Amino acid sequence: MSENNDFRHEEQGYNNPENLYHFNYNEQHNAPGDPGWAEEPAAAKKTSFWQKAGVKVTALLLACAVVGGAADYGGAALSSSGKTTIRQSNRTASEITVKQVSGQTLMSPAEVYASTVNSVVSINCSSVSTNIFGQSVQSASSGSGFIITQDGYIVTNHHVVSGASSVTVTLHDGREYPATVVGSDSDYDVAVLKINATDLQPVTLGNSSSVNVGDSVLAIGNPLGELTFSMSQGIVSCCDRAINVDGTPFNMIQVDASINPGNSGGPLMNLYGEVVGIVSAKYSSYSDTTVEGLGFAIPIGDVQAIITDIMENGQVTDKPSFGITAGTMTEQMAAQYQIEQKSGAFVYSVNKGGAGEKAGLRMGDVITKVDSTDIASMEDLTAAKKGHKAGDTVTVTYFRDGSSHTTSLTFDVKADDTVQDSQQGQQNQQGQQNQQDQQNGGNSFGSLYDYFFGRG
């Protein structure tokens, strides 16, 4: 993906004016754009989000010309007496009913909103940081979330609450609660909050794997930190879009619904009122071209087990691991190691006693598929783990000795697989190689040439 592709996470800081995940503003002032909009001393002066992005709210005037006489509805007409009359429709407005979300009843967008808006929350965070002059700076940010239990558990994005010193949740009826961050995980960009409340209306989780391109979807959230409980509608543009956000790979649902700063962490719903994704990112720009209609949501099925794990343990305790050290296979490596397979995840080493070794993987193997998911890079391999937990078994397809093979692999419990760039791996010092030999039973990066070419 081009380095100009602008996916920004909260880890960049609450004071980052380029943060496109959730709206960020200085707490000392009423709103961005006011005459008193905060500025740091001249040496550290920053451009505000509004100045940087050129965002402004403007009234739109639609000018229409009536050609060939009066309109039949909603227009003005000249009567026989010469007086102008205004026609008024007498249509009875349809009443929107609040339906029970069961996953069986197809609803209109208005019905989905009425039935689920009480499950959506606005999230406001504050943090204290130190500027280059050693001064404490208090800042605030906003995002969205949704209630998943009656007793106050709430799901949002990790980047919404990352670094926050305090978190406040506002319900649709105006009630505010201080929230505790139960736990979060940056790899999955998921966080779970808890408020001291009961008898709340939780969402109904849907099946994100059943989402199809062209399906209508709805997003409810807190765009710009002020337009609370706004809904936007669109369609699914892609069901399994592989993107890289600040070095972390995701397979996301791509939508053309309007996604703006502050929507992060809110629900993406189908027309059955079920949550199928967590709104997480927006494609903001490509080079000098303005980009719109490119929003992304984390499939709920990929993180449902993660959410439960955080609720029960305060953290992710069963992250899956292949038990290998791997990197992206390139054409240069294929030529160097005389391998016919030119893409995939190249296995540099296998952890002794780990999942990879138990599955029969060896240094030099190239993983090309996990279950039905094609693997063209290390990012694909990392993304393929999401939706699984330690102890799950998958079918791994790999290339070895000129042919393709398959094996069953049961994931280890480990925080992360080791990712090693191929060039860096080949330039390791001998001492590091020896240490790697001891840890991995002799399969070090420096042994690659020995493996392929029989060097002594």
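Annotation for region 106-124: no member residue is more than 20 Å from L268 (Cα to Cα) and in contact with a Phe, Trp or Tyr (Cβ under 9 Å, 6 or more places away or on another chain). Residues of region 325-375 that are within 18 Å of V413 (Cα to Cα) and touching a Lys or Arg at 6+ places or on another chain (Cβ under 7 Å): V350 alone. For region 180-203, filtered to residues that are among the small types (G, A, S) and under 21 Å from the mean Cα position of the chain (by Cα), the residue that is surrounded by the most Cβ atoms within 10 Å (Cβ to Cβ) is A191.
One line per residue, one yes/no per condition, for (1) in the same structural domain as S209 (by TED's automatic domain parsing); (2) among the small types (G, A, S); (3) surrounded by fewer than 23 Cβ atoms within 10 Å (Cβ to Cβ); (4) over 26 Å from S280 (Cα atoms):
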site: M311; (1), (2), (3), (4): yes, no, yes, no
site: T330; (1), (2), (3), (4): no, no, yes, yes
site: V347; (1), (2), (3), (4): no, no, no, yes
site: E357; (1), (2), (3), (4): no, no, yes, yes
site: I367; (1), (2), (3), (4): no, no, no, yes
site: T373; (1), (2), (3), (4): no, no, yes, no
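Pairs, please: C-beta under 9 Å, at least 6 apart or cross-chain, first residue more than 13 Å from K282 (Cβ to Cβ) and touching a residue at least 60 places away in the same chain (Cβ under 8 Å) and in region 214-234, second assigned to a loop (DSSP other than H, G, I, E, B) and acidic (D, E)? Close Cβ pairs satisfying both conditions: none exist. Here the helices (runs of 4 or more DSSP H) wholly within region 328-398 that include at least 1 residues being in contact with a helix residue (DSSP H, G or I) (Cβ under 7 Å, 6 or more places away or on another chain) are 331-336.
The criterion of being in contact with a Leu (Cβ under 6 Å, 6 or more places away or on another chain), in contact (Cβ under 8 Å) with a residue 60 or more places away in the chain and over 25 Å from L409 (Cα atoms) does not hold for G314.
Every residue, every condition in (1) closer than 21 Å to V276 by Cβ; (2) in contact with a helix residue (DSSP H, G or I) (Cβ under 9 Å, 6 or more places away or on another chain); (3) buried (at least 24 other Cβ atoms within 10 Å of the Cβ), yes or no:
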site	(1), (2), (3)
N124	no, yes, no
S127	no, no, no
G134	no, no, no
S139	no, no, no
I154	yes, no, yes
N157	yes, yes, yes
H172	yes, yes, no
P178	no, no, no
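Okay, residues lined up against (1) within 26 Å of V101 (Cβ to Cβ); (2) touching a residue at least 12 places away in the same chain (Cβ under 8 Å); (3) among the small types (G, A, S):
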{"position": "N131", "(1), (2), (3)": "no, yes, no"}
{"position": "Q138", "(1), (2), (3)": "no, yes, no"}
{"position": "F146", "(1), (2), (3)": "yes, yes, no"}
{"position": "G152", "(1), (2), (3)": "yes, yes, yes"}
{"position": "S166", "(1), (2), (3)": "no, yes, yes"}
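In region 240-261, is there at least one residue being part of a strand (DSSP E or B) and of a type in the set (D, E, K, R)? The answer is yes; a qualifying residue exists.
For region 152-201, a residue qualifies if it is of a type in the set (D, E), under 27 Å from N244 (Cβ atoms) and in a loop (DSSP other than H, G, I, E, B), and the qualifying residues are D187, D189. Remark: pairs (first residue in region 171-191, without any contact (Cβ under 8 Å) to a residue 24 or more places away in the chain; second residue in a loop (DSSP other than H, G, I, E, B) and small (G, A, S); Cβ separation under 9 Å; 6+ apart in sequence or on different chains) = R175/A197; V181/A164. For region 101-122, the candidate set comprises residues that are of a type in the set (S, T, N, Q) and surrounded by 10 or more Cβ atoms within 10 Å (Cβ to Cβ); within that set, the residue that is farthest from T170 (Cα to Cα) is T105.
The values are calculated or read from the model by the stated rules, or taken from the named source; none is laboratory data. Worth saying up front: this structure is predicted, and the values here are computed from it rather than measured. Backbone-built Cβ (ideal geometry, glycine too); neighbour counts: all protein chains shown.
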